[in-house]
Structure formats: structure tokens, C-alpha cells
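Any read-out appearing in this document is the output of simple, stated calculations on the displayed coordinates, not a laboratory observation. These figures come from a predicted structure and were not determined experimentally. For neighbour counting, all protein chains shown are included, and Cβ atoms are generated from backbone atoms with ideal geometry for every residue, glycine included.
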Amino acid sequence: MTVVHPIEELRVSPTAALFEGARHGDDVAVSCFVTDHPPGGGPPLHVHPYAEVFVVLEGRAGFTAGDEELEVPAGHVVVVPPETAHRFENHGDGPLRQVSIHPSRAVEQTWLESGD
């Protein structure tokens, strides 16, 4: 049976909705965040045991990934390798809309700094 979830029903915060394959997709081996961050917004530094793939849909993101600092506008895909400390922040004047894909049935995330 095909499963359809309204993004609003997956909301875990004002800026993020979370689909986890283990909970929402009959144990499918993928999870994803759909996020909409205001200017200056974004998560603190963290790491995953797998690669994370970001699809920047709208806005401009400043990514920190390991020792790299990247400016990424809408229309680009960013791949952060496994076990690489990373974060992103909305560097634009409008919303930053992204989808971040986790090749895992559940998000495995270790926070390296606390949020504001």
C-alpha cells in the first residue's frame, strides 16, 4: 500500500518536519528532514555515522563541513561525508528551504554543540 504523509503531520519544530522510515514508511531505509529556516537560523554542529545529502530548494545556506566553509545557493545538492562535523545557517534575507536526506531507517545524530 502506498503511504502518504502531510508534511505538517510530521512537524517536530516550527522549522522542521521529520520523516523516519522506521516510523512512517513501513521500515523503508531512508529518513529526511524538510526544513524552513529564517535568516540566521540553522542547527548547531553535529555528526552522523552516514553521509547526509542536502537539497537546497530556496535561499542561500552557509555550510560548515569539517574544515570547509561553503556558500550554497538554491538549486544545488550538498553531500556531507559520514562522520564529518557539520552545520548550516541561513545566510539569505528570506527563508532557507531544504530537504536533508539520511540513508537510514532512523536519524542517528550526535550534537557537538548546543543550540541557542
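Points to keep in mind about this one:
- Note on Val55 and Asp93: their simple-model spin labels are 2.8 nm apart, each label 7 Å out from Cα toward Cβ.
- For Arg60, net neighbour charge (Lys/Arg +1, Asp/Glu -1) across residues whose Cβ lies under 13 Å away: -3
- The residue among Pro81, Gly66, Ile101 whose Cα reaches farthest toward the positive pole of the charge dipole of region 7-109, with charges on the beta-carbon of Lys, Arg, Asp and Glu, is Ile101.
- The distance between label points at Ala106 and Thr84 comes to 2.6 nm (points 7 Å beyond Cα on the Cα→Cβ vector).
- Two-site FRET efficiency, Glu9 against Asp67, from Cβ-Cβ distance with R₀ of 35 Å, rounded to 0.05: 0.35
- Environment charge of Tyr50, counting only residues whose C-beta is closer than 10 Å and scoring Lys/Arg +1, Asp/Glu -1: -3
- Other residues lying with their Cβ under 15 Å from the Cβ of Val12 contribute a combined charge of -2, Lys and Arg counting +1, Asp and Glu -1.
- Residue separation of Val77 and Ser114 scaled by 0.36 nm, minus their Cα-Cα distance, works out to 10.7 nm of gained length.
- The magnitude of the dipole of the chain, with charges of +1 and -1 set on the Cβ of Lys/Arg and Asp/Glu and taken from the Cα centre, is near 260 debye.
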